[in-house]
1. Can you pull the one-decimal nm distance between simple spin-label points at Glu135 and Asp589, each 7 Å off the Cα toward Cβ?
2. Among 531-537, 426-432, what's the highest-first ranking by average C-beta atoms within 10 angstrom per residue?
3. So what's the net charge close to Ile578: Lys and Arg +1, Asp and Glu -1, counting the other residues with Cβ under 11 Å from its Cβ?
4. Packing-wise, with mean Cβ within 10 Å as the measure, how do 269-282, 470-483, 405-418 rank, highest first?
5. At 0.36 nm per residue, and after removing the present C-alpha to C-alpha distance, how many nm does the segment from Ala106 to Ala466 gain when stretched out fully?
6. Using alpha carbon centroids, what distance separates segment 526-601 and segment 319-344, in Å?
7. Enumerate the residues in segment 62-105 having an amide nitrogen under 19 Å from the point lying 7 Å beyond the Cα of Glu169 toward its Cβ.
8. How long is the gain from Arg72 to Leu202 if the chain were fully straight, where each residue apart is worth 0.36 nm and the alpha carbon distance is subtracted?
Amino acid sequence: MRRRDARRGTRAVGRNGWRGIGLGGARLGPGVLSLGLLLLGAPLPAAAGAPPSAVRVNDGAVRNAMQDELARSMADLHLGDESRPYYVAYTISDLDQATVNATLGAVTVAHGYRGRVLRTDLRVGDPGFDNTNFEGGARVDTIPFEDDYAAIRRELWLRTDEAYKTALETLARKRAAAEGQAGAGEDDAAVGDFSKEPPAHLEVPFPSGAAEPDALRETARKLSALLAEFPDIQTSRVSATYAIVRRRFASSEGSFVDDFQRTTRIDVVADTQAPDGMKLRSFVPFTALTPSGLPPLPQMEKAVRAMAKELVAMRTAPVATSGAGAVLFEGLAAPQLVKQLLGDQIAGTPPPRTAQAGSDEGNDQPALASKLGQKVAAPLLGAVDDPTLGAGPGGAPLFGAYKIDDEGVPAQRVPVIEHGVLKGLLMSRTPRKEIAHSNGHARAPRFASPRARVGTLIVTGAHPVARSGLVGELGKIAKTGGVTTYVVRLLDDETLPGSEGDDLMALLSFGLGSHGPPPVRPLVVYRLDHGKETLVRGVLLENLLPRSLKDIAAVGSEPTVDNYLDGGAGFSGVPSTIISPPLLVSDVDIRRQTGRNRKPPLYPSPLALPDKKPGKAPDRPVPAAPASASSVGAQQPRPLM
């Protein structure tokens, strides 16, 4: 039986006898993700010879529990003369994840996690004005992961009861806030809180197999071992995750969805310092739907070696100078830039209202959400978001592909930009004045409420240019004088495993005294001078804003696919994809990185010593064996954990 003491959490037996600690019935949010992974995923040794725990599987029990409790809640749940629920939805997500971390050929973490979470969306009032889009959000709880009808239904009953009481309190506060704010009632009546959509039905057979660490262990170990060949690299790590999420969604409108999503990602990250102490970093990601879909190992090893060689060369590269610049973003840097300038700016879900007049969190509204029908980019630029796309260029897997969103609405292809004009926004069932209905883009991290997010965002150019043509365009810009041209191939990613907080503080300190956003930090930059590329370091890109889309002067012809997890890591994030060709931005403020740096290590890495080779332990005298294996104090072998 689950303990209701949230301080102790809940315990669930997983595969191979290890136990994970849940977070009880707490209302979880995105900020608890790292803590949740730490607690839920920590493996403990099983008793010697103990058989794996048997887990009851009965798909019908889960579906029946959801639908039976939905019907009862809509029929019987009420409190005196208070409003009854007009909408209830349950989302049960079965989580199965394997994680392996390694460094220099040594595995540091290898564990699996299985669990189940319930998100309850309950609405009181009516679609024109209800308890949502205000303070708070959907309730998320851990529940038993065995398919036991009685246990699951009891959890649904308790969570629905709690959600109903909270919804009544929230609706009362929202009504009081609306009455005290001039014009709020007219705006709310005109827009409403929940759009009417037809019920959706989808059932996808769930494949056999589980996320096991063994599927990633050798790959992570071998990739990490390669970096032992580069003693100038101070730290390195490989983080590999394979997540399987089965989603079952049922609503009082009659929708039922039973589908799944699989994601695999390996990040190889390396850090070092220049002789002057400047911190340098690079990384290379590999993504697939399953571990078997990853690129061949020799191909991944080649990419890791190339990254490491480039990072070592960066130590002695010249530091860039401040001034006006024109930048060609190519490779992974192109979709990374698109995410910042476009992907994060086109959600149409209105920001939540607050109880204080004049503070409707308008500052949280994406920059482009209020610019429908306006020119927001160069005329040569186009963009669509199409979650229904099955594969990317060259058959590349797409994290952002799905059929029905997290509010039970079929995914739709949304034209976003046409000839530089903003034509559409990504919508959930929370309407806005310009768009009354969802287009199937409500997506939720496992521990938060659904909001409009990117599915598969594809950027195109009206007149694609080969790379030689893009370099030629940079040369033309340079001839005008006063502009330095650069090629950027990789931007920093704060979601990378092991990213350090002092790097973020350093970036913020560079922005002190300015009124723009924090600068963008490119990791791999080449200065282009008369067609010659020179590796440089210490570059910051300032004032890169959504309006910079208007400064795109040319678009390349070879797109890059960036699969990422938005709003979390592993099973908790929202699988998303951005596909973009190289982008030439004609006006970028270049700033030289300044400030004090920590001194690099005073003496070389032991990997640099001539008589030490990676993977070979130094010779040591072998102690004499004890006289008897049963002697007092004789040490017995300890299992590796």
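1. Spacing of the two 7 Å Cα→Cβ label points: 3.8 nm.
2. For the peptides 531-537, 426-432, the packing ranking is 426-432, 531-537.
3. Charge balance near Ile578 sits at -3.
4. Top of the packing list down: 405-418, 269-282, 470-483.
5. Length gained, Ala106 through Ala466: 125.4 nm.
6. Cα centres, segment 526-601 to segment 319-344: 3 Å.
7. What the label zone holds, given the 19 Å backbone N cut-off, is 78-85.
8. Extra length available between Arg72 and Leu202 comes to 44.5 nm.
The values are calculated or read from the model by the stated rules, or taken from the named source; none is laboratory data. As the structure is a computational prediction, the values presented were derived from the model and not from experiment. We place every Cβ from the backbone using ideal geometry, glycine too, and count neighbours over all the protein chains shown. Just so you know, the surface numbers come from the protein's heavy atoms only, side chains and all, with ligands and any DNA or RNA stripped out. Shrake-Rupley method; radii C 1.70, N 1.55, O 1.52, S 1.80 Å.
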